[in-house]
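The values are calculated or read from the model by the stated rules, or taken from the named source; none is laboratory data. Quick caveat: nothing in here was measured; it's all calculated off a predicted structure. Neighbour counts are summed over all protein chains in view; Cβ atoms, including those assigned to glycine, are modelled from backbone coordinates with ideal geometry.
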Amino acid sequence: MKKHVLFLFFTVTLIISQGLQANKSLPVVQVKKSIVAGEISSHVKKYLTHEPFRLEIEAAILATNKLRIVNNNKQVRQAVLDEQDFSKSDLSKGNAASSGQLLASNYLVFPTIKTFSFYTKSEAIPNIANKFKRSSHGRLVVDVQFIDTSTNQIMDNYSVSKSFSTNPVIVNKPSTYTSRDLVQKKLLQRAALDISSQLIDAIYPMRVLSVKGNKIWINRGQGSGLSVKDRLNIYKPGEPLIDPDTGKVLETAEEYVGVAEVQRVNNKTSILKVVKLESGVLVEKLDVLRKNQ
């Protein structure tokens, strides 16, 4: 019994250690404070909450298990530096992180809020006096830029447009009341999922992990922005096409294979069914998938 317990202890310790080492190799991302575009009215601007939006984006990115997040909030950074200074003092056991270990970011995410609106809609219920259906609505448009800090290169520019409406409720009179907090929270969450998905796609392409008949498994799961019935184009990766003047890779000479439809989204993978296949080609492991534009 004792030997069995010791075996389990060392096995779990090894798994945790391997997981921590693997996590250390993941790229580091920093989400910058969102910028509000000038065309948004001052009345609406006061309702925008930047910190919750940043936190929603960070949570969505962490949920992918493919990237690490570094917090560059000034107060948080100062608290970490204060703790490191304390670890050097005579009052501390010195078991805090040593100085000079703060992570630098491999990628930066810059969100710019272009449109943010919310309103209430009240509609009279036919043939019923003094009864109305009231619902709250909102729309959010965010332009996002991804920067590779090693090259200062723009990896991608992407626009996210999201709408949300509450379920209608029956009221006795028209009202201008708006479920603003709920509408804003849902809009931020949905936009954050799209931003995270696009960032992951820019760094790690969607790839086929396994093929069984007309079913394929890919390296995307929950939190990736995929939904059942979504359709993805399949390509065979090709050689890089290099600009002879600049020496930079322009794109790759990919071969179109067909189309696959999402059947199930698991925790870390998804199962798709191949619904269209070009003549003379087969879907193979490591083929690349992209969303229809």
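Within the range 107-121, not a single residue is farther than 29 Å from ASN157 by Cα and at pLDDT below 80. Here is a list: PHE118, PHE146. Which entry is of a type outside the set (Val, Ile, Thr), surrounded by 14 or more Cβ atoms within 10 Å (Cβ to Cβ) and in contact (Cβ under 8 Å) with a residue 60 or more places away in the chain? Every option except PHE118 fails the conditions.
If you go through the range 149-195 and keep only what is without any contact (Cβ under 8 Å) to a residue 40 or more places away in the chain, in a loop (DSSP other than H, G, I, E, B) and β-branched (Val, Ile, Thr), you end up with THR151, THR166.
Being within 26 Å of the chain's Cα centre (by Cα), surrounded by 11 or more Cβ atoms within 10 Å (Cβ to Cβ) and at pLDDT below 75 is a description that applies to LEU103. Here GLN198 meets the list (1) under 21 Å from ILE57 (Cβ atoms); (2) in a strand (DSSP E or B) almost entirely, failing just condition (2).
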